[in-house]
Each structure stands twice: as structure tokens, then as C-alpha cells.
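> Okay, here's the structure, questions in a sec.
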Amino acid sequence: MTDAKIPSLLSSLTPIARELDALPAGRPAPAACLMRLNANENPFPLPSIVMRSAIAALERQYLYPEHDNITLREAAAAAYGMSADRVMAGNGSSELLSLIYRALLAPGDSIAMLSPGFSFNRKLASLQGAQFIEVRGNELDSLPIDSFLFGPARHAKFILLANPNNPTGAFVPVAEIERLVAKYDRLVVLDEAYIDFAPENGLHLVNRYSNLLILRTFSKSYATAGIRIGFAFGHPELIGRLRNIQNMFNMNVIGHAVGMSVLSNRRAYDENHNHIKHERQRVSGALSEFGFSVIPSHANFLLARVPAGRDGKWWQSALERQGILVAFFPDDGLEDCIRVSIGTRNQMDAFLEAVDKIRRGADSS
Ligand SMILES: Cc1ncc(COP(=O)(O)O)c(C=O)c1O
């Protein structure tokens, strides 16, 4: 095979695609024996009723899934108290996020996000050739509303907030978000990926404010990260246009079936959510005793500032040598932090044991 045609092939890419480096082959997949506490997954099995719906859906594997996810959208609309024209369904909420960027941003436009925030947004902005404005929040439980309204972010096509935020886990009261939405003329995208672990949600605001779009995912609170189910809720004019540019058959039959079943069995997850909130508290307390400084979290993870002397990267590597993966964010002023997902009691015991061992200098490597 010759590479002679590659230069001319690359020159046919759009300027934005050309600017991006080709991804390397990638790191080898983490060994299956490693404990994954780095992606905020929910490591519990599906409730049996939901599992049965997934298995039954496999018998429809030869059919295309339903066009435009109509039944699933109707079920979500009924479950969340709004009309189906305000709902769209996605192959995970990340699919919906990227549609929003594609629909709203042209090269030269800008988008503003509360920082630190979910870093995937930075990539989505760069794919559109858009400027990514990060608005630093000083308080964990309030918004820098004036910076959004009057700072460099004032020309942004939309503001993106995650509540609870990732990677901090911080939660802003819904009344504070409503203040921003009411004062702002453009779109506010509120990503509620972790909302089922928080005290209140903003979904009722969708019927009140046409400039609010809310994203939800079933990956975190309903343990379906591998099945890919997400929703967006907003004004019918905007939702209808976003649906129009969506890939056909964007979800598969298993995602449809599991989404429907979760929507009618949400109470089956109460124990799961209570467990996570309880473990979050327990792990936070234990980490504090070990000298970490933990940000109060309303999500299924904790962001912890590591004890003085080492940085987050060092702790991440030391934990990996103990068989445990946690997340580290070298940007955003979080070099001295790690983020750990809340999993089963056994996983959390193993995590705390490993932290204690490392802390005592017993890490032999
Ligand atoms: C804030 C936030 N939004 C969206 C997502 C994407 O979730 P999904 O699995 O639905 O694509 C994540 C995943 O980590 C997230 O942290």
C-alpha cells in the first residue's frame, strides 16, 4: 500500500478537520481486572424487569429501530410531565450535545461554559471552529451571572452549565439557574447528567422558558452507560429542528426497550441512588480523615484535593498500581485533585484501603 495519495486526500479535509491531529491507535484497553472508578459509571446490574426488556428486544434485532424514537419520546414526555414535541431521544446525551453544537455554532461563533466543566464540550466547540469561553465560578453553589451577562461571554451563542457539575460535583440551586435563564436572551443548555443524585432538578422550567434546553442521560443514575440513552427537553421549535438534523435510527432497539422500561420502573432504582448517596458520604468522610480535601458532591463521584506533597497525577498512578482507575484533570487548576466514582461498597472499601496503603508509604513500587 502506498501513502502517495495521502497529502492530496488530507488537503480535501475541511480546515477544521485538517487542523486536528490524527488520533494515535490509542492506549491498550485497561486490563479487565482493573477497578474502573474513573468514568462515573453505575456498576450495578439492571433491575430484573429492565433486564428482561433488554433480552426481549434482542428478538427484534433484524428490524430497524422505530423512526424518530416516537414511542420512547412519548413515554419520556408522560414520565416528565410535558408534551412529546418538547422531547428528543439520543444515543447517550453526548450525541445530543454534539447536535446542539452542530445546530448552533458556525466558525467564528462562541459558546460559554462554566469552568471547570465537562471537557468534551471543548472538543465539540473546536469541531465547529467556535471559540470556547470558560467562565470561572468562584462559589461552588452559585453562578457568576454577571460574568455570563456582561463579560466576554455576552456574545456567546449559548451558555452551557452542568448541574451537578462535572468534575466538581458542585450543585447550584435551581432558583439560581432560573435567574440566569430569565435574564439571558439566548439559549442556556443545562446538562443534568447527575441530577438523580441531587436534591432538586430544573425540568419544570422547560415549560416556562423557551431559551432553556435540558439534557439528561440514563448512563449514570440508571446504570446504562453501555446501552446509550439520553434525552433533551426544550421548546418544540428548537427540539423539532434538532430532531431534523439527527442521524436516522440513532438509537438501537435495546436502547429503546431499556429506555421505556426504565421510565416505567424508576422507583426500582431508589435503593441504588440511596446507596450511592450513602457511600458518597462515607467515602468523603474517610478521605477527609486521610488528609484529602473533598468538595461537597451531589453527583455519583467525588473530587478530592490530595494531601500536600504529591499531585493528582502521582495519586492516579499510585492507585493504578493498586489496580484502581481514577480520573485526573491536568487542566482547569485541578492538578492537585483526583476524581473518584462512587461504586459498590466493596469497590469503595478497596479504594479506601488502597488510599490508606499509599498514604502510609506502603506502595512498594
Ligand atoms: C456532564 C456530563 N454530560 C454528559 C455526559 C455524557 O453522558 P452519556 O453517557 O449520556 O453520553 C457525561 C458523561 O460523563 C457528563 O459527565
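> Just for the stretch 63-264, what percent of DSSP beta bridges are antiparallel, to the closest 5? Mind showing how you got there, number by number?
Numbers: 8 of 26 bridges.
Of those bridges, close to 30 percent are antiparallel.
> Separate question: Could you grab the relative contact order for the chain? Cα pairs under 8 Å, six or more apart, rounded to a whole percent. Walk me through the numbers on the way to the answer.
Values: 640 pairs, mean separation 79.6, N = 365.
It rounds to 22 percent for the chain.
> Sorted by mean Cβ packing within 10 Å, highest first, what order do the peptides 93-103, 45-55 take?
Values: 93-103: 20.2, 45-55: 15.3.
Ranked by mean Cβ neighbours within 10 Å, highest first: 93-103, 45-55.
> Return one whole number: the accessible area per residue of the stretch 63-264 in Å², for a 1.4 Å probe.
Working: 7690 Å² over 202 residues.
Spelled out: the 1.4 Å probe surface of the stretch 63-264, per residue, equals 38 Å².
> Also, quick follow-up: Based on alpha-carbon centroids, what's the gap between the stretch 181-251 and the stretch 139-172 in Å, whole number please?
For the stretch 181-251 versus the stretch 139-172, the Cα centre distance is 17 Å.
> A follow-up question, please. Which FRET efficiency, nearest 0.05, do R154 and S8 yield, Cβ-Cβ r, R0 56 Å?
Working: r = 43 Å, r/R0 = 0.76.
Computed FRET efficiency for R154 and S8 comes out at 0.85.
> Determine the shape class of the stretch 144-255: with a ≥ b ≥ c the square roots of the Cα gyration tensor eigenvalues, call it rounded for a/c under 1.5, and otherwise prolate if a/b is greater than b/c, oblate otherwise.
Working: a/c = 2.05, a/b = 1.34, b/c = 1.52.
It is oblate, given that a/c is not under 1.5 and a/b is not larger than b/c.
> Follow-up question, since we're still on this one. If you average the sequence gap of Cα pairs under 8 Å that are 6 or more apart and divide by the length of the stretch 63-264, what percent do you get for the contact order? Write down the numbers at each step before the final one.
Working: 382 pairs, mean separation 56.4, N = 202.
After rounding, I find 28 percent.
> Quick one: with all protein chains in place, what share of the accessible area of the stretch 241-360 is carbon or sulfur, to the nearest percent (1.4 Å probe)? Each step should come with its number before you reach the end.
Numbers: 2520 of 5530 Å².
Using a 1.4 Å probe with all protein chains present, the stretch 241-360 comes out at 46 percent carbon and sulfur.
> Still on this model: Stretched out fully, how many nm does the piece from R52 to K123 gain, at 0.36 nm a residue minus the Cα gap?
Values: separation 71, 0.36 × 71 = 25.56 nm, distance 3.70 nm.
Gain on stretching R52 to K123: 21.9 nm.
> Continuing with the same structure: In percent, what relative contact order does the stretch 1-115 have, based on Cα pairs under 8 Å that are 6 or more apart in sequence? Spell out each step's value before the answer.
Details: 22 pairs, mean separation 10.7, N = 115.
Relative contact order comes out at 9 percent.
> Go through 329-340, 157-168 and give me the packing order, highest mean Cβ count within 10 Å leading.
On the way: 329-340: 19.0, 157-168: 24.1.
Listed from highest to lowest mean packing, they are 157-168, 329-340.
> Moving to a separate point now. How large a share of the accessible area of the stretch 108-184, in percent, is made up of carbon and sulfur atoms when the probe is 1.4 Å and the other protein chains stay in place? Can you show the working numbers first?
Working: 1600 of 3050 Å².
After summing per-atom areas, the C and S share lands at 53 percent.
> Counting only DSSP beta bridges with both residues in the chain, tell me the antiparallel percent, nearest 5.
Values: 16 of 36 bridges.
Roughly 45 percent of the beta bridges in the chain run antiparallel, per DSSP.
> Does the chain come out rounded, prolate or oblate, given a ≥ b ≥ c as the square roots of the eigenvalues of its C-alpha gyration tensor, rounded meaning a/c under 1.5 and, failing that, prolate meaning a/b above b/c? Could you put the intermediate results ahead of the total?
On the way: a/c = 1.28, a/b = 1.20, b/c = 1.07.
Rounded, since a/c falls under 1.5.
> Taking square-rooted eigenvalues a ≥ b ≥ c of the alpha carbon gyration tensor, is the stretch 63-264 rounded, prolate or oblate, where a/c under 1.5 means rounded and, failing that, a/b exceeding b/c means prolate? Numbers along the way, then the final one.
On the way: a/c = 1.71, a/b = 1.45, b/c = 1.18.
Here the stretch 63-264 falls in the prolate category.
> A follow-up question, please. Can you give me the distance in nm between label points at T71 and N244, each placed 7 Å from the Cα along the Cα-to-Cβ direction?
It works out to 2.8 nm between the two label points.
> Starting from the 7 Å offset along Cα-to-Cβ, what nm value, one decimal, do you get for the label separation of S210 and Y64?
Distance between label points: 3.3 nm.
> Still on this structure: Would you list, by chain and number, the lysines whose Cα falls below 17 Å from the Cα of K123, excluding same-chain residues fewer than 8 positions away?
Within the straight-line cut-off, K123 pairs with K157.
> What is the distance, in nm, between label points placed 7 Å from the Cα along the Cα-to-Cβ direction at S264 and at S288?
4.4
The values are calculated or read from the model by the stated rules, or taken from the named source; none is laboratory data. Nothing here was measured: the structure is a model prediction, and the numbers come from that model. Neighbour counts run over all protein chains shown; Cβ positions are idealised from the backbone, glycine included. For the accessible areas, the whole protein counts, side chains as well, though only heavy atoms, and no ligand, DNA or RNA atoms are used. Shrake-Rupley method; radii C 1.70, N 1.55, O 1.52, S 1.80 Å.
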